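One structure is given here, and the rest of the page talks about it.
The values are calculated or read from the model by the stated rules, or taken from the named source; none is laboratory data. The model shown is predicted, which means the values in this text are computed figures rather than measured ones. Don't worry about glycine lacking a Cβ; one is built from the backbone with ideal geometry, like all the others, and counts go over all protein chains shown. These accessible areas exclude ligands, DNA and RNA; they are computed on the full protein's heavy atoms, side chains included. Shrake-Rupley method; radii C 1.70, N 1.55, O 1.52, S 1.80 Å.
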Amino acid sequence: HELARRYRIKVIYGVEGYLVEERTRDRKEERVYHIVILAANQTGLRNLYRLVSHSYLDNFYYYPRIYRDELMQFREGLLLGTACERGEIVQAYLRGADEDELRRIAMFYDYLEIQPLGNNEFLVRDGAVRTREDLMEMNRRILELGRITGRPVVATGDVHFLEPHHDVFRRILLSSKGFDDAEHQAPLYYRTTDEMLNEFRYLGEAEALE
């Protein structure tokens, strides 16, 4: 906190968690989504600690799972974001959900997220979408969903390392875990403001700045 104050950095406590819709007898059948949970105040911080503790101590199965009913129970003081392509909104979009379902999902969250094209370029490689233009269209659709539902849309980086050349360390980590695509790293480095503006210039200058 002292360092943060000295450099005028506002610390926001949060976690990228694993959201599960409902409890099933066979946990392998549970659909798991990424979700970003941020504490907006001291009540939220306490609830965040509760959710994280429960996910590890009571609900751990391959991942520390946060069940939606528990999240709703302890939601006070928390801000919920849609996270990366493993989040609920993008997964619904990719499986062809209709407008009503997308709006319903968006309404659950406090803000929607879009990310640089390079983060999700593997979706082109894997055949989930055809081209980079399709990735642009997906982000435009999320932007429109934000307007329709009154949810702010935030450009986020899904940062896993500081500098672009640090991807070598993540390649090593993923290779050690047996990931087949470890050598095809997404550029998940910490982008500057100018780099982020450049990433989203296809939305138009005003939209990217917003």
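At-a-glance table
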| quantity | calculated |
| --- | --- |
| Dipole axis of the chain (+1 Lys, Arg; -1 Asp, Glu on Cβ), positive-most option in V32, L57, T192 | L57 |
| Label point distance in nm, D134-S176, each placed 7 Å from Cα along Cα→Cβ | 3.5 |
| Dipole of the chain, positive end: most advanced residue of L19, T43, V153 [Cβ charges, Cα centre] | T43 |
| With at most 12 neighbouring Cβ atoms within 10 Å, loop trypsin sites (Lys or Arg not before Pro) (DSSP) excluded, longest segment of the chain | 32-94 |
| MRE, 222 nm, helices only [DSSP H, n ≥ 4, -39500 (n - 2.57), over the chain, to nearest 500] | -11500 deg cm²/dmol |
| Gain on full stretching of the segment that runs from A208 to E76 - 0.36 nm per residue minus C-alpha separation | 44.4 nm |
| Low-density loop cleavage sites - GluC sites (Glu not before Pro) in segment 1-55, where at most 14 other Cβ are within 10 Å (DSSP) | E21, E22 |
| Separation of alpha-carbon centers, segment 116-149 and segment 21-54, rounded to whole Å | 26 |
| Stretchable slack from Y62 to L3, in nm (0.36 nm times residue separation minus alpha-carbon distance) | 17.7 nm |
| Inter-label distance for T193 and D126, nm, one decimal - labels placed 7 Å from Cα along Cα-to-Cβ | 3.4 |
| Loop-located chymotrypsin sites (Phe, Trp or Tyr not before Pro) in segment 16-84, at most 15 other Cβ atoms within 10 Å (DSSP) | Y62 |
| Gain in span if fully extended, H160 to R147, counting 0.36 nm per residue against the direct Cα distance | 1.8 nm |
| H184-R31 FRET efficiency (beta carbon distance; Förster radius 22 Å; 0.05 resolution) | 0.30 |
| Kirkwood Rh, angstrom, segment 10-73 [1 / mean 1/r, Cα pairs] | 12.1 |
| Å² per residue, accessible surface of segment 89-181 at 1.4 Å | 55 |
| Cα centre as origin, Lys/Arg/Asp/Glu Cβ charges: the chain dipole, Debye | 720 |
| The chain, accessible surface, carbon-and-sulfur percent (1.4 angstrom probe) | 51 |
| Size of charge dipole - segment 91-178 - debye, nearest 20, with Cβ of Lys, Arg +1 and Asp, Glu -1, no other charges | 160 |
| Semi-axes of the equivalent ellipsoid for the chain, Cα gyration tensor, largest first, Å | 25, 22, 21 |
| Dipole of the chain, positive end: most advanced residue of A206, L80, I105 [Cβ charges, Cα centre] | L80 |
